[in-house]
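Peer 1: After the structure tokens below, expect a handful of questions from me.
Taken together, the values in this text are just the output of simple stated rules run on the coordinates, not laboratory data. What you are looking at is a predicted structure, and each value in this text was computed from that prediction instead of being measured. Every residue, glycine as well, gets a Cβ built from its backbone with ideal geometry; the counts of neighbours run over all protein chains shown.
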Amino acid sequence: MIDWSLRHCSRNGHVTYRPDESDLARSLSATTDLGEVWRCLRCGDFVLGEPLESGPADAAPNVPRGRVLRDRLLIRFLAVERAARALMLLVGAYLVWRLKNNQARFADWIDTEIPLLKPAADTIGWNIDNSWLARTLREVASLNPGLLTLVIAGLIVYALIQLAEGYGLWHEKRWGEYLAVIATSAFIPIEIWELAHHVTILKIALFLINVAAVVWLIWSKRLFGARGGYAAFEAEHASESLLTVTRSATAESS
Ligand SMILES: [Zn+2]
């Protein structure tokens, strides 16, 4: 089991805070031979020295810890993955655009290259003229330019949706999580159709990431009212704050 809080602290430093409320401040600090120590709001370790910040407990930084922090790392991974998808789609749009502008030359290229390959293909008994490869290339070369324009537009729109998802997820916007779930689910049938058509490892991997992302987002972020919905989500985050925990502990003892 990885301690995400400790890991985050070792990379970004501890977060210490002196609440104005003296009973809270007492429970978060101690005096040692070396001086005053303050409890890190993230990992709970005592850190030597003055607290980084101070103020009323309600204004304390809401430091994600434990599961919330691990979820944030997963969300960020998803956001980066969305950005990578957007990039692939834009590259695809560019390639189709290039094809659209060079269709005649592409057709010429096929007509000169395939006869050149024919002797080599014949020796292995491959009828290249009638092969799946040649047919596909000729089909692509003779595609309607209007259709290609539609494909380019479609790829760009899809890329923009992916970019919006990535932005929303990275900044932990709830709309970003909803957008990711809705848009990703919408494309799952297409991905299944694609897989039924032609299976590659990359396609399977991208498909599995998408399915896992949808299930995990709904479950973890309590979207569409799952597991108590937004209210439960907020309560969970608040309860993760050590300061909130400390506050309830002192309230109970007094
Ligand atoms: Zn810490």
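Peer 1: Would segment 1-126 count as rounded, prolate or oblate if I go by the C-alpha gyration tensor, calling it rounded below 1.5 in a/c and otherwise prolate when a/b exceeds b/c, oblate otherwise?
Peer 2: Details: a/c = 6.18, a/b = 3.79, b/c = 1.63.
Prolate, since a/c reaches 1.5 and a/b exceeds b/c.
Peer 1: Got a sec? Charge dipole of the chain, +1 on Cβ for Lys and Arg, -1 for Asp and Glu; which of Ala196, Gly168, Val15 is way out at the positive end?
Peer 2: Selected residue: Ala196.
Peer 1: Tell me, what HN-Hα J-couplings in whole Hz come from the Karplus equation 6.51 cos²θ - 1.76 cosθ + 1.60 at θ = phi - 60° for each residue of segment 38-43, using x for Gly and Pro?
Peer 2: In residue order, the calculated couplings are 10, 6, 6, 5, 8, 9 Hz.
Peer 1: Please arrange His198, His171 by how many other C-beta atoms lie within 10 Å of their C-beta, fewest to most.
Peer 2: Ranking His198, His171 by Cβ neighbours within 10 Å, fewest first, gives His198, His171.
Peer 1: For the chain, what proportion of DSSP beta bridges, expressed in % and rounded to the nearest 5, is antiparallel?
Peer 2: If we restrict to bridges inside the chain, about 70 percent are antiparallel.
Peer 1: Tell me which of Ser29, Leu99, Leu69 sits at the most positive position along the dipole axis of the chain, charges placed on C-beta atoms (Lys, Arg +1; Asp, Glu -1).
Peer 2: Positive-end residue among those listed: Leu99.
Peer 1: As an exercise, identify the trypsin sites (Lys or Arg not before Pro) in segment 156-220 lying in DSSP coil whose Cβ has no more than 16 other Cβ atoms within 10 Å.
Peer 2: Here the trypsin sites (Lys or Arg not before Pro) that fit, given the DSSP loop and packing criteria, are Lys173.
Peer 1: Normalised by the residues of segment 4-63, what does the relative contact order come to in percent, with Cα pairs under 8 Å and at least six apart?
Peer 2: Values: 90 pairs, mean separation 22.8, N = 60.
RCO, segment 4-63: 38 percent.
Peer 1: Is it possible to state the helix-based mean residue ellipticity at 222 nm for the chain, with each DSSP H run of 4+ residues giving -39500 (n - 2.57), the sum divided by total residues, to the nearest 500 deg cm²/dmol? What is it?
Peer 2: Computed ellipticity for the chain at 222 nm equals -23500 deg cm²/dmol.
Peer 1: Only counting other Cβ atoms within 10 Å, I'd like Asp3, Asp71 sorted with the fewest neighbours first.
Peer 2: Asp3, Asp71
Peer 1: If you don't mind, there's one more thing I want to ask. Hydropathy first: keep DSSP H helices in the chain averaging at least -1.0 on Kyte-Doolittle, then drop any whose Cα extent along the axis falls short of 18 Å, and list what survives. Please list the in-between numbers first.
Peer 2: On the way: long enough: 66-101 (53 Å, 0.56); 103-123 (30 Å, -0.23); 145-170 (37 Å, 1.52); 174-197 (35 Å, 0.62); 201-220 (27 Å, 2.20).
For the chain, where a helix must reach 18 Å along its axis and average at least -1.0, the hits are 66-101, 103-123, 145-170, 174-197, 201-220.
Peer 1: May I pose another question? Rounded to the nearest 20 Debye, what is the dipole magnitude of the chain about its Cα centre when Lys and Arg each give +1 and Asp and Glu each give -1 at the C-beta?
Peer 2: Taking the Cα centre of the chain as origin, the dipole is about 520 debye.
Peer 1: Moving on to the next point. Which net charge results for the neighbourhood of Gln103, defined as the other residues with beta-carbon distances under 14 angstrom from its beta-carbon, given Lys and Arg at +1 and Asp and Glu at -1? List each step's numbers first, then the result.
Peer 2: Numbers: positive: Arg98, Lys100, Arg105, Arg138; negative: Asp108, Asp111, Glu139.
Taking every other residue near Gln103 into account, the sum is +1.
Peer 1: Going by the alpha-carbon gyration tensor, a ≥ b ≥ c the square roots of its eigenvalues, is segment 4-63 rounded (a/c under 1.5) or, if a/c is not under 1.5, prolate (a/b greater than b/c) versus oblate?
Peer 2: Oblate shape, in that a/c is at least 1.5 and b/c is the bigger or equal ratio.
Peer 1: Please compute the contact order of segment 47-185 in relative form: average sequence separation of alpha-carbon pairs under 8 Å and at least six residues apart, divided by the residue count, as a percent.
Peer 2: Answer for segment 47-185 is 35 percent.
Peer 1: Tell me the relative contact order for the chain as a rounded percent, counting alpha carbon contacts under 8 Å between residues six or more apart. Walk me through the numbers on the way to the answer.
Peer 2: On the way: 260 pairs, mean separation 49.8, N = 254.
In percent, rounded to a whole number, it is 20.
Peer 1: Then there's this: Whole angstrom only: what separates the Cα centroid of segment 154-193 from the Cα centroid of segment 96-111?
Peer 2: Cα centroid to Cα centroid, the span is 32 Å.
Peer 1: Is the shape of the chain rounded, prolate or oblate, going by the alpha carbon gyration tensor and its root eigenvalues a ≥ b ≥ c, with a/c under 1.5 for rounded and a/b larger than b/c for prolate?
Peer 2: Prolate, since a/c reaches 1.5 and a/b exceeds b/c.
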